[in-house]
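Peer 1: The structure follows.
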Amino acid sequence: MPEMTYLQAISDGLREEMRRDQSVFCLGEDIGAFGGAFKITDGFAEEFGAERVLDMPLAENAIVGVAVGAAAEGLRPVCEMQFADFISCGFDQLVNVAGKLHYRQGVAIPMVVRLPSGGGFSGGPFHSQNPEAWFLQSPGLKVVAPASAADAKGLLTAAIRDPNPVCYLEHKGLYRHVKDDVPEGEHVVPLGEARIAREGEELSIIAYGSSVPLAIEAAEELEEDIEILDLRTLCPLDREAVLTTVRKTGKALVAHEATRSCGVGAEVAALIGSEAFEDLDAPVRRLTAPDVPIPFSPPLERAVLPQLEDMKEACRELLAY
Amino acid sequence: MRESESSALAVEPVRGAREAALTREDRAQLYRFMAMMRAAEERAVTLYKQGKVPGSFYDGRGQEALCVGAAFVLGPRDRTCILHRDLGAHFVRGVTPDRYLANYMGRTGGVTGGKDGNMHFGDRELGSVGMVSMLPDMALVATGMALSFKMRREPRIAMTFFGEGSTANGQWHEAMNFAGIHRLPVVFVLENNQFAYSTPNELEFAVDPVERAAGYGFPGVKVDGNDVEAVFEAARGAADRARAGGGPTLIEGVTMRMHGHGAHDDMRYVPREMLEDWERRDPLDRYARRLVDDCGFSHDEVERISTEVRSYVEECARRAVDSPMPDAQTASDGVFAEHWAPLGDGQAPWSRWSADQSPTSGDEANGSNGHPRFREAA
């Protein structure tokens, strides 16, 4: 099994699906000759032609809206937002059109919106956001957020094959820093299934995306018996996996890079509070960004985004409770 | 004018275009569909006043020629995104009045089965992807369907409708621009009904939107939106051109919204003389006169069509009222799809399609969703 970076795995998954299925095509800004801002589609135009690696004008509603129409007609569009932040400019098509067509009229919209998300590189308030909670408040959209290279490929494959609009959050900080074994050829990770990223007995860290490698690093450095649940899919949420790990350890830390209020952490904490209250040995804690825009300057950005030391401190507190 | 390769206006001859040659039956159909829209909307107003329609009520009185004339050119495999003042286009494609009325009442017999109301529907079985309230979102969706036709080299077109109010929104530009860049087979039907809710043309744009088409590299055509055959001719030209690879067309039909934005709107902002002036240009009256004066119809024949339509709509209204309300248990059903399924084909009543040799044309493609009474009477 070859080792790949998270970024290579996304490319690999997309290429595999485009080879397998003629109806899969990509559309986005600067994805053709340039290969995309992060080079996910590098070489794709040469292999698949300009029509299936469609360079779009700077118009996010057009990217999403055109994909909706193409998907209704049976194509499998994979949209690239150059940065996840720009989905705000295509939000209307995503939320009001794509997300509601099946409920209202039974029209399935099989499309993926790839969303390079996350901060940590001085991208500032418009190139660093983690907008997943926006989508979770919009019925009809599935939401995935891989943390490993293997999952990045497997979840993308599943997202492309799913008959619904899927928001695929790929964390930019993981692109070149996460590297693991990725199955060659077809690799599917079903949507809606979390995975245990590390086994433990004393505390559960429930995380996704960039917070998973951060949690693993913290657990290793602390040398504590910590279990880490990688949610992988945020909608539909693997509720059973959340409850199972909490019932096992009795303590839960929910960690994500996105802002705090009404985020995934709030939802997971509410789930635990209502379904596993009697299994808890400590209050459910959250480690998240505060409710502020992501600032530009490195010390300010570090102050906002959860750091390794923050993760370790949150673990220590809960373990000592 | 500099013409880049991608934005050049189409000059190639239209392949397969035939003379319009509306037959006598085509003309009877055009009148029937307009009369059906008028009758169904009048019936719906009654249901609204009886308190059977939750929410408000919206109609397209005065705009019958525009939606019927444009949709009449469509072939079975073409696709539509139809707006809330275009009931006639739904009828042309095969939606029956009972399903329209039931949709207004939130009943299971409605096109959306109660999931969405009033005119927010499209029958997927008839190749229609229904509108949302945000305008003109569907212009981009239709453009996307057109992109899929182009990618698959299929001689099909998408047709989408929007009002002049929509041309102020950025998504209008995004759709026009993208369709122009790739010369996609899409027909944009702009219904200038003089008002966006209460806002008149002079506060909506500085330049007539039809003139903007040139800026996107494709033709803009302005027609009398209350003349069903004029609309038909403009749409036929646009559809033939799109089907032949010539790219999009923007058709502006000039018309008038004869009722308020919704039933709650008293139209105090519309000058009385303006309404009276447009009343004299009523598309149904005009076409009835034309059928008699120029097309060899007798008064009785035209009257008979009206009468038949009214009794058919009445029968449909009974069916709609009898349709049950949805089971509350189903409110959470259908948020996600289990699988993708192709959209069905729409009815294509224009005689050109039944004469066509293509395998999906003719009666078979018209499906079982038609208006049986009129098909027998035809």
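Taken together, the values in this text are just the output of simple stated rules run on the coordinates, not laboratory data. Since this is a predicted model, take the numbers as computed values, not measurements. For neighbour counting, all protein chains shown are included, and Cβ atoms are generated from backbone atoms with ideal geometry for every residue, glycine included.
Peer 1: Kirkwood Rh and Cα-based Rg: tell me the resulting Rg over Rh for the protein assembly as shown, rounded to two decimals.
Peer 2: On the way: Rg = 28.0 Å, Rh = 27.1 Å.
Here the Rg-to-Rh quotient is 1.03.
Peer 1: Classify the stretch B:65-210 from the C-alpha gyration tensor, please: rounded if a/c falls under 1.5, else prolate or oblate depending on whether a/b exceeds b/c. Intermediate results must be reported in sequence, preceding the final value.
Peer 2: Numbers: a/c = 1.88, a/b = 1.14, b/c = 1.65.
Verdict is oblate for the stretch B:65-210.
Peer 1: I'd like the mean, over residues of B:148-159, of how many other protein chain beta carbons sit within 10 Å of each residue's own Cβ. Walk me through the numbers before you get to the answer.
Peer 2: Numbers: counts 11, 3, 1, 9, 5, 0, 1, 0, 1, 0, 2, 0.
For this peptide, the per-residue mean of nearby foreign Cβ atoms is 3.
Peer 1: What net charge do the residues around A:Pro110 carry, taking every other residue with its C-beta under 13 Å from that of A:Pro110, with Lys and Arg at +1 and Asp and Glu at -1?
Peer 2: Numbers: positive: A:Arg76, A:Lys142, A:Arg161; negative: A:Glu17, A:Asp21, A:Glu73, A:Asp162, B:Glu338.
Here the count lands on -2.
Peer 1: I would also like to ask the following. Need the list of aspartates and glutamates near A:Lys179 for cross-linking: C-alpha distance under 18 angstrom, and skip anything on the same chain fewer than eight residues off.
Peer 2: Straight-distance partners of A:Lys179: A:Glu3, A:Asp12, A:Asp151, A:Glu170, A:Glu217, A:Glu220, A:Asp230.
Peer 1: From Cα pairs below 8 angstrom and at least 6 apart in sequence, can you work out the relative contact order of chain B, rounded to a whole percent? Intermediate values should be presented prior to the final figure.
Peer 2: Numbers: 720 pairs, mean separation 95.6, N = 378.
So the answer I get is 25 percent.
Peer 1: Can you grab the distance from the C-alpha centre of the stretch B:295-311 to the C-alpha centre of the stretch A:305-321, Å, no decimals?
Peer 2: 81
Peer 1: Which ordering of A:Glu301, B:Glu273 is given by a fewest-first count of other beta-carbon atoms within 10 Å? Walk me through the intermediate numbers first.
Peer 2: Working: A:Glu301 19, B:Glu273 8.
Sorted ascending by nearby Cβ count, the order is B:Glu273, A:Glu301.
Peer 1: Could you tell me what fraction of 2.2 N^0.38 Å the Cα radius of gyration of the stretch A:3-181 comes to, as a two-decimal ratio?
Peer 2: Cα Rg divided by the expected 2.2 N^0.38 Å: 0.93.
Peer 1: Mind pulling the angle between the C-alpha long axis of helix A:264-275 and the longest principal axis of chain A? Nearest 10 degrees, somewhere in 0 to 90.
Peer 2: It is inclined by approximately 50 degrees.
Peer 1: Mind putting a number on the dipole of the stretch A:195-320 about its Cα centre? Charges go on the C-beta only, +1 for Lys and Arg and -1 for Asp and Glu, and I need it in Debye to the nearest 20. Present the calculation step by step, with values, prior to reporting the outcome.
Peer 2: Numbers: 13 positive and 25 negative charges, 89 e Å.
Charge dipole, the stretch A:195-320, about its Cα centre: 420 debye, nearest 20.
Peer 1: Taking the radius of gyration and the Kirkwood hydrodynamic radius from Cα positions alone, what is the Rg/Rh ratio for the stretch A:75-133, to two decimal places? Each step should come with its number before you reach the end.
Peer 2: On the way: Rg = 13.3 Å, Rh = 12.6 Å.
That ratio is 1.06, to two decimals.
Peer 1: May I ask for the distance between the Cα centers of the stretch A:88-163 and the stretch A:258-273, given as a whole number of Å?
Peer 2: Using only Cα atoms to place each centre, the spacing works out to 18 Å.
Peer 1: Continuing with this model, one more query. Please identify, among B:Ala320, B:Ala142, B:Ala328, the residue showing maximal mean-square fluctuation in a Gaussian network model of chain B using a 10 angstrom Cα cutoff.
Peer 2: Taking springs between Cα atoms under 10 Å, the residue moving most is B:Ala328.
Peer 1: Which lysines, if any, have their Cα less than 20 Å from the Cα of B:Lys150, not counting same-chain residues under 8 positions apart?
Peer 2: The qualifying lysines are none; the list is empty.
Peer 1: Under a 5 Å amide H to amide H cut-off, with H placed in plane at 1.01 Å, what residues pair with B:Ala341 once short-range neighbours are removed?
Peer 2: Under 5 Å from the amide H of B:Ala341 lie the amide H atoms of A:Ala108, each far enough along the sequence or on another chain.
Peer 1: A further question follows. For chain A, would you read off the P(r) tail past 35 Å as a percentage of all alpha carbon pairs?
Peer 2: Numbers: 9034 of 51360 pairs.
Counting every Cα pair in chain A, those more than 35 Å apart make up 18 percent.
Peer 1: Using only the alpha-carbon atoms, how far is helix A:6-20 inclined from the longest principal axis of chain A? Give it as 0 to 90 degrees, nearest 10.
Peer 2: 40
Peer 1: Follow-up question, since we're still on this one. With springs only between Cα atoms under 10 Å, which of B:Lys49, B:Lys150, B:Lys222 fluctuates most in a Gaussian network model of chain B?
Peer 2: Sorting by GNM fluctuation, first place goes to B:Lys49.
Peer 1: Just B:Phe232, B:Phe161, B:Phe297 to compare: in a GNM of chain B, with alpha carbon springs under 10 Å, which one fluctuates most?
Peer 2: Looking only at B:Phe232, B:Phe161, B:Phe297, the biggest GNM fluctuation is shown by B:Phe297.
Peer 1: So, one more: Taking the Cα centre of chain A as origin, work out the dipole magnitude from +1 charges on Lys and Arg Cβ and -1 charges on Asp and Glu Cβ, in debye rounded to 20. Spell out each step's value before the answer.
Peer 2: Numbers: 28 positive and 51 negative charges, 178 e Å.
The dipole magnitude comes to about 860 debye.
Peer 1: Evaluate the relative contact order of the stretch A:3-181 (contact order divided by residue number), counting alpha-carbon pairs under 8 angstrom at least 6 apart; express in whole percent.
Peer 2: Numbers: 382 pairs, mean separation 49.7, N = 179.
Once normalised by length, the contact order is 28 percent.
Peer 1: Here's another thing I want to ask about it. Would you kindly state how much longer the chain becomes between A:Lys248 and A:Asp291 on full extension, computed as 0.36 nm times their sequence separation minus their alpha carbon distance, in nm to one decimal? Before the final figure, lay out each step's value.
Peer 2: Details: separation 43, 0.36 × 43 = 15.48 nm, distance 3.13 nm.
Taking 0.36 nm per residue and subtracting the Cα distance, the gain is 12.4 nm.
Peer 1: Past 20 Å, Cα to Cα, is the threshold; run A:Lys100/A:Lys172; A:Lys251/A:Lys312; B:Lys49/B:Lys115; A:Lys100/A:Lys142 against it and keep the listed order. Numbers along the way, then the final one.
Peer 2: Values: A:Lys100/A:Lys172 29 Å; A:Lys251/A:Lys312 15 Å; B:Lys49/B:Lys115 22 Å; A:Lys100/A:Lys142 12 Å.
Violating the 20 Å limit, Cα to Cα: A:Lys100/A:Lys172; B:Lys49/B:Lys115.
Peer 1: Now a separate question. Can you give me the distance in nm between label points at B:Arg280 and A:Glu223, each placed 7 Å from the Cα along the Cα-to-Cβ direction?
Peer 2: 9.7
Peer 1: Viscosity 0.692 mPa s, temperature 37 °C: what is the translational diffusion coefficient of the stretch B:20-140 from Stokes-Einstein with a Kirkwood Rh over Cα pairs, rounded to a whole number of µm²/s?
Peer 2: Numbers: Rh = 14.5 Å.
Answer, rounded: 226 µm²/s.
Peer 1: I would also like to ask the following. Tell me the relative contact order for the stretch A:195-320 as a rounded percent, counting alpha carbon contacts under 8 Å between residues six or more apart.
Peer 2: Numbers: 228 pairs, mean separation 34.8, N = 126.
Once normalised by length, the contact order is 28 percent.
Peer 1: Express as a percent, rounded to the nearest 5, the fraction of DSSP beta bridges in the protein assembly as shown (both residues included) that run antiparallel.
Peer 2: Values: 10 of 65 bridges.
For the protein assembly as shown, the DSSP antiparallel bridge percentage is about 15.
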